[in-house]
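Novice: Pasting a structure below so you can have a look.
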Amino acid sequence: MFQIRIHGRGGQGVVTATEMLSVAAFEEGRHAQAFPSFGSERTGAPVVAFCRVDDKEIRLREPIMEPDALIIQDPTLLHQIDVFAGLRPDGYVLLNSSHSFEALGLGELVKQRGLERMCALPATELGLKHVGRPIPNVPLIAGFAALSGMFKLESVIKAINQKFAGKVAEGNIAAANEAYQLVQQQMKERAHA
Amino acid sequence: MLKQIEGSKAVAESIALCRPEVICAYPISPQTHIVEALGEMVKAGELTPCEFINVESEFAAMSVAIGSSAAGARAYTATASQGLLFMVEAVYNASGLGLPIVMTVANRAIGAPINIWNDHSDSLSQRDSGWMQLFAETNQEAVDLHIQAFRLAEELSMPIMVCMDGFILTHAFERVDIPSQEQVDAYLPPFDPRQVLDPAEPISIGAMVGPEAFMEVKYLEHAKQMQALELIPQLASEFKEVFGRDSGGLVRTYRADDAETMIVAMGSVLGTIKDTIDEMRDEGHKIGVLGIISYRPFPLAQVRAALVNCKRFVVLEKSLAVGMGGIVATDVRMAVTGTGLKGFTAIAGLGGREITKASLHKLFRQAEKEELPPVTFVDLDWDAVNKQLERERQNRHSGPIAENILHDKGIVSAKFG
């Protein structure tokens with residue numbers, strides 16, 4: 001079983017992101033379970049949502065306390081809550097930021113974990129550029145597909161098409177494509193460095 | 001058709017396939033997505049003929065459902081928590097009049113303190129209301145139980161609640177096989193009411209009944225639920241013939257054959273329990289599970305049969321009879337009367353407190369050694385409780401309990417300054 005935890009704030013599409021990841025997994029014939037942390041959702045308040053993926057039926061209903069991957073939609077949360085709590089030693093981290101981990105004060109984390117499974121992506125900027133709204137969720141899940149190899153980009157695009165229609169879908173697909181390429185490029189550059 | 005879908009949306013699609021003619025809606029979390037989705041289907045003309053009625057309260061929702069059902073319409077509504085409590089007078093009227101209304105309860109705690117999260121306090125508070133209550137373990141089962149519920153309600157002319165864990169199921173996206181209209185039509189015939197208000201053939205429903213007949217009418221409510229004990233397994237077996245899967249029934253066991261310790265529970269927590277049991281079985285523990293699907297009627301004989309060969313059992317329930325202990329546990333203990341079995345009650349998950357595999361491992365191992373007290377409160381923060389008790393001993397004016405506990409835990413500043 002592979003477990004993903006997404007941190008963000010109310011209004012950033014955190015819950016939708018886990019739902020779309022679950023749809024992407026379903027499109028690949030796998031079992032998936034997405035669920036929110038069930039808080040009273042308010043714009044700006046910290047929100048957590050979860051996605052489990054497995055090759056067999058998922059029965060477990062506890063929150064994800066030891067994730068295999070973290071997606072952090074809002075870097076301001078780094079100063080507010082321990083988003084890294086329980087992250088597995090070989091876990092993935094995808095952070096929404098145009099700055100590096102070091103610039104955000106996470107140099108120690110990079111030293112501990114190395115950068116092979118960590119990536120920062122300017123997802124809010126990609127949302128603004130392609131969809132006209134500062135919603136980072138779709139670029140982040142596409143970026144996560146590139147970072148982890150857990151999902152195919154085409155499955156993420158299928159999930160986008162199920163959730164959105166018309167221009168919004170087109171914009172999100174463009175954002176997903178660019179995010180996927182940006183992360184792939186970063187990972188390649190690191191591999192050669 | 002297999003879909004990756006939110007539980008609420010899946011249930012809405014299931015209800016639509018059952019061709020309801022009146023849907024009464026009043027929003028309350030975590031049920032709201034179900035009636036919202038049905039409202040959209042009615043508005044888009046996908047669910048027709050059906051009247052979608054926005055009412056002014058839950059009391060009105062049940063009252064309209066009663067009127068519609070008495071007029072011969074297949075009636076549906078959904079609620080949770082305080083919403084269920086607000087409609088209680090009408091809830092008893094629906095069963096007392098014998099009207100086959102189907103209602104989803106998206107199980108949620110009851111305040112105060114106000115809490116929107118899941119436990120089973122709401123529908124269990126209606127234990128003696130005369131409504132049948134079936135509990136879904138997964139969203140697939142929630143979909144399937146609603147289809148069976150209309151059959152069951154209409155065969156007996158009695159109302160039924162289909163209970164699904166609020167948020168944990170209603171807001172979870174998972175794989176669900178949504179049946180075809182042909183399958184549902186083959187299983188569920190059009191509503192043929194036992195009693196109907198018809199201007200062409202006027203009758204009255206709801207007469208005042210005095211001491212000379214009241215007990216007989218009440219006994220017949222009981223007799224209907226005893227009939228349901230026969231009918232529920234039959235309907236589940238017919239369901240399997242049409243839809244090809246096991247769903248519903250009275251009870252279900254898992255890895256119970258040689259189990260010395262049995263865990264009894266209802267609803268979605270059975271999934272986490274089964275995962276825990278698998279891990280313990282791998283280590284050689286003789287432990288199994290009994291899931292109760294039909295809480296009302298309560299299947300005394302089936303529960304007894306499932307437990308009679310074990311040595312001890314734990315009833316893990318998301319409900320608390322304040323001043324007593326367990327609610328489900330009381331019924332389970334009644335079922336095993338005279339067997340000498342050792343029974344423990346574990347209260348867990350109240351107000352959405354997460355129930356983790358780690359806590360279950362600990363609880364079940366203590367149960368195996370019979371080291372549990374009669375009633376255990378799983379993952380209760382004793383420090384917080386004792387601090388408040390001490391505060392009350394020290395200070396006559398100790399203030400509001402909930403705000404004190406929140407303040408102690410540093411969650412919100414309950415006091416200024």
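Novice: Could you check B:ASN93 against (1) surrounded by fewer than 23 Cβ atoms within 10 Å (Cβ to Cβ); (2) part of a helix (DSSP H, G or I); (3) within 14 Å of chain A (Cβ to nearest Cβ); (4) touching a residue at least 60 places away in the same chain (Cβ under 8 Å) and say which number it fails?
Specialist: (3)
Novice: In this structure, does B:VAL242 turn out to be hydrophobic (A, V, I, L, M, F, W, C) and farther than 30 Å from B:ALA329 by Cα?
Specialist: yes
Novice: Can you say whether B:VAL105 is closer than 20 Å to B:ALA12 by Cα and in contact with a helix residue (DSSP H, G or I) (Cβ under 8 Å, 6 or more places away or on another chain), as far as the supplied structure shows?
Specialist: So B:VAL105 fits the description; yes.
Novice: Given region B:1-75, what helices (runs of 4 or more DSSP H) lie entirely inside it while holding 1 or more residues that are free of Cβ contacts under 8 Å to residues at least 24 places away in the same chain and buried (at least 24 other Cβ atoms within 10 Å of the Cβ)?
Specialist: Of the helices (runs of 4 or more DSSP H) lying wholly inside region B:1-75, none has at least 1 residues that are free of Cβ contacts under 8 Å to residues at least 24 places away in the same chain and buried (at least 24 other Cβ atoms within 10 Å of the Cβ).
Novice: Any idea how many residues of region B:190-227 are in contact (Cβ under 8 Å) with a residue 12 or more places away in the chain, in a loop (DSSP other than H, G, I, E, B) and either within 30 Å of B:ARG245 (Cα to Cα) or not polar (S, T, N, Q) (or both)?
Specialist: 10
Novice: Counting only residues that are buried (at least 20 other Cβ atoms within 10 Å of the Cβ), give me the helices (runs of 4 or more DSSP H) lying completely in region A:74-155 with at least 1 of them.
Specialist: Where helices (runs of 4 or more DSSP H) fall fully within region A:74-155 and carry at least 1 residues being buried (at least 20 other Cβ atoms within 10 Å of the Cβ), they are A:123-131, A:137-148.
Novice: Tell me, please, whether a residue that is assigned by TED's automatic domain parsing to the domain that holds B:ARG151, of a type in the set (Phe, Trp, Tyr) and within 30 Å of B:MET1 (Cα to Cα) can be found in region B:217-238. Break it down into steps so the answer makes sense when it comes.
Specialist: Looking only at region B:217-238, we keep the residues that are assigned by TED's automatic domain parsing to the domain that holds B:ARG151, and these are B:217-238.
Restricting the remaining residues to those that are of a type in the set (Phe, Trp, Tyr) gives B:219.
Going one step further and asking which of them are within 30 Å of B:MET1 (Cα to Cα), we end up with none.
Within region B:217-238 (the criterion being assigned by TED's automatic domain parsing to the domain that holds B:ARG151, of a type in the set (Phe, Trp, Tyr) and within 30 Å of B:MET1 (Cα to Cα)), the answer is no, since none of the residues qualifies.
Novice: Another question about this same structure. Of all residues in region B:328-349, count the ones that are touching a helix residue (DSSP H, G or I) at 6+ places or on another chain (Cβ under 9 Å) and either within 15 Å of B:VAL251 (Cβ to Cβ) or not in a strand (DSSP E or B) (or both).
Specialist: Summing the residues that are touching a helix residue (DSSP H, G or I) at 6+ places or on another chain (Cβ under 9 Å) and either within 15 Å of B:VAL251 (Cβ to Cβ) or not in a strand (DSSP E or B) (or both) in region B:328-349 gives 11.
Novice: Taking region A:61-81, which residues are within 12 Å of another protein chain (Cβ to nearest Cβ) and either in contact with a Phe, Trp or Tyr (Cβ under 7 Å, 6 or more places away or on another chain) or free of Cβ contacts under 8 Å to residues at least 40 places away in the same chain (or both)?
Specialist: Hits for region A:61-81 are A:ARG61, A:GLU62, A:PRO63, A:ILE64, A:MET65.
Novice: Let me ask something additional. Please enumerate the residues belonging to region B:228-246 that are within 14 Å of another protein chain (Cβ to nearest Cβ) and touching an Asp or Glu at 6+ places or on another chain (Cβ under 8 Å).
Specialist: Within region B:228-246, B:ARG245 is the sole residue that qualifies.
The values are calculated or read from the model by the stated rules, or taken from the named source; none is laboratory data. On a predicted model such as this, the values are computed, not experimentally measured, just so you know. Cβ: placed from backbone, ideal geometry, glycine included. Neighbour counts: every protein chain shown.
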